[in-house]
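Working notes, structure below.
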Amino acid sequence: MCGIVGYIGDKKAAPILIKGLEKLEYRGYDSAGIAVIENNEIVTLKDKGRVKNLLKIDGMESLNSGIGIAHTRWATHGKPSAINSHPHSDKDKCFAVVHNGIIENYKELKEKLKNEGYTFISETDTEVIPNLINYYYLKEKKEDSKALLRAIRNACMDLMGSFAIEVISKEKPNEMIVIRKDSPLIIGKGENENYIASDIPAILPYTRNIYFLDNYEFAYIYKDRVDFYNKNLEPIKKETKEIKWDSSDAEKDGFPHFMLKEIYEQPRAVRETIGTTLDNDKIEIEGLELEREYLKTINKIYIVACGTAMYAGLTARKTIEHLCNIPVEVEVASEFRYNNPLIDEKTLAIYISQSGETADTIAALKLAKSKGAKTIAVANVIGSSITREADYSVYTHAGPEIAVASTKAYTSQITMLTIMAMHFAEILGTSSKNEIEELKKCLLSMPEKIEETLKVAERIKEFAKKIYNEKDVFFLGRGIDYPVCLEGSLKLKEITYIHSEGYASGELKHGPIALIDNGITVVSVITDKDLVEKSLSNVQEVITRGAKILLITNQNIEKKGFEELIKIPETNKFLSPILAIIPLQLLSYNIAVEKKLDVDKPRNLAKSVTVE
Ligand code: G6P
């Protein structure tokens, strides 16, 4: 899982590549490198460490080339080191390649190439790619204009696994070829220049006109044109799509970290996700035209996702089951894939993914599709891989999310899934008009209520200062508050490295209560008025055993006995997770800041997990 960038045009490539890589560091940041063509030779500069270290490498400043490829790495095969960093070259230093993905059969290919006299210097799977290209190129007639393209195509046909690849060659110093299979890659069309990247933020400062590549589509890129070919190298036509994101959306806008900026962007993200869906008499969701006859045949809904997106799914389950009367199962994609799930044409399968590129989620979607289920993707990135696989795609409009820890994408996902549940209920007639109307009203007031909730920031910051040295923190919630606790606990683990557990309040006494000791911090979330008494008695159980409580609630509960009580606005029960998560996001953020950790790029994590 890595980020790749490419440039071809009249400007100096190196600074553009480095700037692009910085925008993609959320995809990986243990090593980085660039390769350009100077005086008909490939020049590669790379090292382990962050992208900014590239600037210190000798020779970087004097690169004048207008063509180059670049890579920021998240190690899978071979430790982070200068040798294992990308770009990689073939034994004759004729080609340079950057790669995002995993070549599953690289050992076999390496052996085959070694038998042909090829040598390897890195431990990576990627190094087989330039050597394979070399192997096939030697079989071509150099004067044939498609020789390089054919060599790359033949090499790619030997690869198993996932890849987004950029190739430059000293044989063709003004051309670049890129291809993808199951890893993201986009091309930004400029005036007399073209940009290539794994993700939109890297090229947003330069262009908004984007070509999206499908699996096994090859792009032959010159500075003033892009030719596309299919697997058989027949020319194909592709149109650009216009991306509406503002380039400042991908900058920090004065916030110290992307995560904090994104937490504060939630009113807008939720407002834009609601968009015009509620404007008319009946709810309308662009891209989702499901007939009543079809919906009536559905006897089970699967929600499948990873990480935070899966926790959004756990909240949505409660809303869908309540409004639509259809049983919902929620599963992490990596388990779903191998559990032989019971799916047929009466199953509706919903896949949630911010990036739309999570490998397990995409594979899980393909599986359900192959078993006859209809599939819906709920994604944040337009044109992302998952949206091209799904039968229907709906979008959250959170804008680019850069911090590895997801915040605004999560609240936007809950928003969109609630709208979807209301839409299905309206079609099926499973919920009263009044209930839908009340939910609509509450949804429309969400952006203001989020603004109001954000006002707790200072008090949360103070609380974070008291507990940032803790070793363990527990999160307790019942009913609709339980998935929020799971997400709150995940946020804490991800960015503060504090061990934490999210528990259903009532389950605590069946084991974990043994861990509650004098002085331990417990965060309790209580927003369902019907469960206040029960939840409070669980809180009492841990107070008795010496726990300090941070209580997040929208109910009128007396502060007595709690270390801190944070009041959030009241709303419909099914929407309260959107508000309750905000103090928890802020808590993790402030603890990470207090501990002087890298908030936006926590250790070992990547924003987009495009490998299994
Ligand atoms: C990674 C990220 C998480 C994210 C998960 C799913 O683990 O660090 O923040 O929730 O992937 O990503 P997706 O893009 O599919 O929502």
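Of note:
- Filter pass, Leu587 being more than 16 Å from the ligand (Cβ to nearest atom), part of a helix (DSSP H, G or I) and modelled with pLDDT of 95 or more: yes
- Any hit, the stretch 396-417, residues being away from the ligand (no atom under 11 Å from the Cβ), basic (Lys, Arg) and open to solvent by 10 Å² or more (accessible area, probe 1.4 Å): no
- Residues in the stretch 490-511 that are within 13 Å of Asp472 (Cα to Cα), open to solvent by less than 10 Å² (accessible area, probe 1.4 Å) and without any contact (Cβ under 8 Å) to a residue 60 or more places away in the chain: Ser500 alone.
- Taking the criterion of being of a type in the set (S, T, N, Q) and either surrounded by fewer than 22 Cβ atoms within 10 Å (Cβ to Cβ) or part of a loop (DSSP other than H, G, I, E, B) (or both), the residues of the stretch 67-103 that qualify are Thr76, Ser81, Asn84, Ser85, Ser89.
- Some residue of the stretch 556-567 being touching a residue at least 60 places away in the same chain (Cβ under 8 Å) and surrounded by 22 or more Cβ atoms within 10 Å (Cβ to Cβ): yes
- If you go through the stretch 398-429 and keep only what is in contact with a helix residue (DSSP H, G or I) (Cβ under 8 Å, 6 or more places away or on another chain), farther than 22 Å from Val484 by Cβ and not in a helix (DSSP H, G or I), you end up with Gly399, Pro400, Ile402.
- Condition met for Lys455 (open to solvent by less than 30 Å² (accessible area, probe 1.4 Å), over 27 Å from Lys607 (Cα atoms), away from the ligand (no atom under 16 Å from the Cβ) and among the charged types (D, E, K, R)): no
- Residue satisfying all of: in the stretch 107-123; hydroxyl-bearing (Ser, Thr, Tyr) and either in contact with a Lys or Arg (Cβ under 8 Å, 6 or more places away or on another chain) or modelled with pLDDT under 95 (or both); surrounded by the fewest Cβ atoms within 10 Å (Cβ to Cβ) among these: Thr119
- Residue in the stretch 492-507 that is among the hydrophobic types (A, V, I, L, M, F, W, C) and assigned to a helix (DSSP H, G or I) present: yes
- Scanning the stretch 591-608 for residues that are within 12 Å of the ligand (Cβ to nearest atom) and either touching a helix residue (DSSP H, G or I) at 6+ places or on another chain (Cβ under 6 Å) or open to solvent by less than 60 Å² (accessible area, probe 1.4 Å) (or both) returns Asp600, Lys601, Pro602, Leu605, Ala606, Lys607, Ser608.
- Subset of the stretch 168-212 [in contact with a Cys (Cβ under 8 Å, 6 or more places away or on another chain) and open to solvent by less than 20 Å² (accessible area, probe 1.4 Å)]: Ser169, Ile179, Ser198
- Here Tyr468 passes the criteria (1) within 28 Å of Pro201 (Cβ to Cβ); (2) open to solvent by 40 Å² or more (accessible area, probe 1.4 Å) except the one numbered (1).
To keep it simple, each residue is scored yes or no on (1) polar (S, T, N, Q); (2) over 28 Å from Leu204 (Cα atoms); (3) modelled with pLDDT under 95.
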position	(1), (2), (3)
Ala373	no, yes, no
Ile376	no, no, no
Ser385	yes, no, yes
Ala390	no, no, no
Ser406	yes, no, no
Tyr410	no, no, no
Gln413	yes, no, no
Met416	no, no, no
Ala421	no, yes, no
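- Yes/no for Lys441 being closer than 28 Å to Tyr26 by Cβ, open to solvent by 80 Å² or more (accessible area, probe 1.4 Å) and assigned to a helix (DSSP H, G or I): no
- Matching residues in the stretch 572-583 - criterion: being open to solvent by less than 10 Å² (accessible area, probe 1.4 Å) and either in contact with a Cys (Cβ under 8 Å, 6 or more places away or on another chain) or within 14 Å of the ligand (Cβ to nearest atom) (or both): Leu575, Ile581
- Hits in the stretch 347-382 - residues which are in contact (Cβ under 8 Å) with a residue 40 or more places away in the chain, of a type in the set (A, V, I, L, M) and in contact with a Lys or Arg (Cβ under 9 Å, 6 or more places away or on another chain): Leu348, Ala349, Ala363, Ala364, Ala368, Ala373, Ile382
- Test: residue in the stretch 78-96 that is of a type in the set (Asp, Glu) and touching a helix residue (DSSP H, G or I) at 6+ places or on another chain (Cβ under 7 Å): yes
- Breaking point among (1) within 25 Å of Ile450 (Cα to Cα); (2) open to solvent by less than 80 Å² (accessible area, probe 1.4 Å); (3) not in a strand (DSSP E or B); (4) not hydrophobic (A, V, I, L, M, F, W, C), for Gly519: (1)
- Considering residues of the stretch 444-476 that are among the small types (Gly, Ala, Ser) and assigned to a helix (DSSP H, G or I) only, the residue nearest to Ile568 (Cα to Cα): Ala457
- Scanning the stretch 26-45 for residues that are among the charged types (D, E, K, R), open to solvent by less than 50 Å² (accessible area, probe 1.4 Å) and over 20 Å from the mean Cα position of the chain (by Cα) gives a single hit, Glu38.
- Considering residues of the stretch 363-392 that are of a type outside the set (A, V, I, L, M), in a helix (DSSP H, G or I) and more than 17 Å from Ala409 (Cβ to Cβ) only, the residue least open to solvent (accessible area, probe 1.4 Å): Glu389
- Qualifying positions in the stretch 4-62 - among the hydroxyl-bearing types (Ser, Thr, Tyr) and either farther than 15 Å from Ala197 by Cα or touching a helix residue (DSSP H, G or I) at 6+ places or on another chain (Cβ under 7 Å) (or both): Tyr7, Tyr29, Ser31, Thr44, Ser62
The values are calculated or read from the model by the stated rules, or taken from the named source; none is laboratory data. These numbers come from a predicted model, not from an experiment. Here Cβ is always computed from backbone atoms with ideal geometry, including for glycine, and neighbour counts include all displayed protein chains. Just so you know, the surface numbers come from the protein's heavy atoms only, side chains and all, with ligands and any DNA or RNA stripped out. Shrake-Rupley method; radii C 1.70, N 1.55, O 1.52, S 1.80 Å.
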